[in-house]
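Report on one structure; see the data block that follows.
Please treat every number below as a calculation from the coordinates, not as lab data. A quick note: this is a predicted structure, and the numbers were derived from the prediction, not measured. When we count neighbours, we look across all protein chains shown, and the Cβ atoms used for this are built from the backbone with ideal geometry, even at glycine.
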Amino acid sequence: MNKRTEVLTLAILLIAGLAVAGPASAVPAVNPGIDLWETQPGTVIDFSDNPLPAGFFPGCPSPFAGQVPVSGDPIAADKALGTSDTILQRTGIINFDATGKGSTTLVMAALCVKNGGWVDPCGRTWTVKARLSAVQAPGSITAVVTSASGGSFTADFTVKADVIFTSGATSLTTTDSLRMVTTGGAWQYAPPAGAVVVSGNVNVDSNCDGALDKVLPGTSNFFPTAATHSGPHPTKPPKPCNVQPASPRNAVPAPAPTPIKCAVIEVPAEPAN
């Protein structure tokens with residue numbers, strides 16, 4: 001065998017070896033699923049770029065271009081979602097390229113935030129609730145693998161919400177849109193300690209009207225641990241619902257209601273000795 005033939009043979013063997021070793025060293029894909037979030041203090045509905053017209057609030061002659069502070073209202077579902085009030089859905093598989101980067105479509109799947117006692121500029125008190133409009137435009141999420149446990153992500157999507165003002169028998173509705181751009185997200189494949197994990201499909205009250213109306217996939221192998229984004233809606237991963245022993249000690253609790261809404265859930269206590 002001459003020198004040229006030896007070099008060619010070695011190259012073929014190396015290529016064959018890489019072909020065999022490639023799949024074993026591939027970065028695991030991220031499966032479709034939902035990401036759960038809990039709204040944090042500082043969240044507002046901002047009408048500065050889309051003012052409510054003069055007369056929207058009865059007796060108020062001027063347009064309203066201010067802010068309405070809101071807090072999260074845990075989403076009802078047929079499985080426990082903890083303190084989640086915002087759900088995003090990744091609709092496709094994230095396959096990572098040679099640089100460790102991959103993308104898929106992201107859409108807002110459920111939202112429930114409220115203010116139980118907001119006072120308008122003319123002094124009238126309202127209950128304000130923001131819930132998802134019927135149609136949501138798809139956005140995108142791009143994940144990057146930086147270690148065997150996970151990495152970083154960015155996202156860009158728009159939330160379209162119906163904002164409902166209720167005072168006594170008066171109910172007023174307007175629609176507002178908010179673009180959210182995440183620039184500082186972190187994620188991991190495995191659920192961190194204390195994470196809310198949803199196995200299998202879950203039926204949720206996606207528009208915060210008290211009825212279960214949308215079946216979503218559960219969580220997958222993508223668990224966000226932090227996110228920094230534009231827009232007045234700071235969030236963090238939710239907490240599980242609180243659990244306390246039933247009272248009296250040996251009482252058998254009634255079956256859990258459907259839908260389940262995060263609250264204090266009673267579980268049987270240990271029998272008395």
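When the C-alpha to C-alpha distance is required to be over 27 Å, the pairs from K101/K129; K79/K101; K114/K236; K79/K129 that qualify are K101/K129; K79/K101. Scalar couplings 3J(HN,Hα) for region 219-224, obtained by applying the Karplus form with A = 6.51, B = -1.76, C = 1.60 to θ = phi - 60°, are 5, 10, 9, 9, 10, x Hz; x denotes Gly and Pro. The HN-Hα couplings worked out from phi for region 115-128 by the Karplus form 6.51 cos²θ - 1.76 cosθ + 1.60 (θ = phi - 60°) are 9, x, x, 8, 9, 6, x, 9, x, 8, 8, 10, 8, 10 Hz, whole numbers, x standing for Gly and Pro.
Applying the Karplus relation 6.51 cos²θ - 1.76 cosθ + 1.60 with θ = phi - 60° to region 98-105 yields 3J(HN,Hα) values of 5, 8, x, 10, x, 9, 7, 7 Hz, where x marks Gly and Pro. Just so you know, the Rg over Rh for region 39-127 is 1.16, from Cα atoms, with Rh as the Kirkwood radius.
Close amide H contacts of G33 (hydrogens built in the peptide plane, cut-off under 5 Å, sequence separation of 5 or more or a different chain): R90. Scanning residues 5 or more positions from A109 or on other chains, those with amide H under 5 Å from its amide H are I87, L88, Q89, with H placed 1.01 Å from N in the peptide plane.
If only the Cβ of Lys and Arg carry +1 and only the Cβ of Asp and Glu carry -1, the dipole of region 98-231 around its Cα centre is close to 120 debye. Modelled spin-label separation between S199 and V44, with each label point placed 7 Å from Cα along the Cα-to-Cβ direction: 4.4 nm. In terms of the mean number of neighbouring beta-carbon atoms within 10 Å, the peptides 80-88, 155-163, 53-61 order highest first as 80-88, 155-163, 53-61.
Backbone N atoms of region 147-171 closer than 15 Å to the 7 Å Cα→Cβ label point of K101 belong to residues 152-156.
Only four residue types carry charge here, +1 at the Cβ of Lys and Arg and -1 at the Cβ of Asp and Glu. Report the dipole size of region 64-137 about the Cα centre in Debye, rounded to the nearest 20.
Numbers: 7 positive and 5 negative charges, 12 e Å.
Value, rounded to 20: 60 debye.
In this structure, A190 and T170 have a Cβ-Cβ separation that, at R0 = 41 Å, corresponds to a calculated FRET efficiency of about 0.25. Put simply, the amide H of I75, placed in the peptide plane, has neighbours under 5 Å in S84, D85, leaving out anything fewer than 5 places away on its chain.
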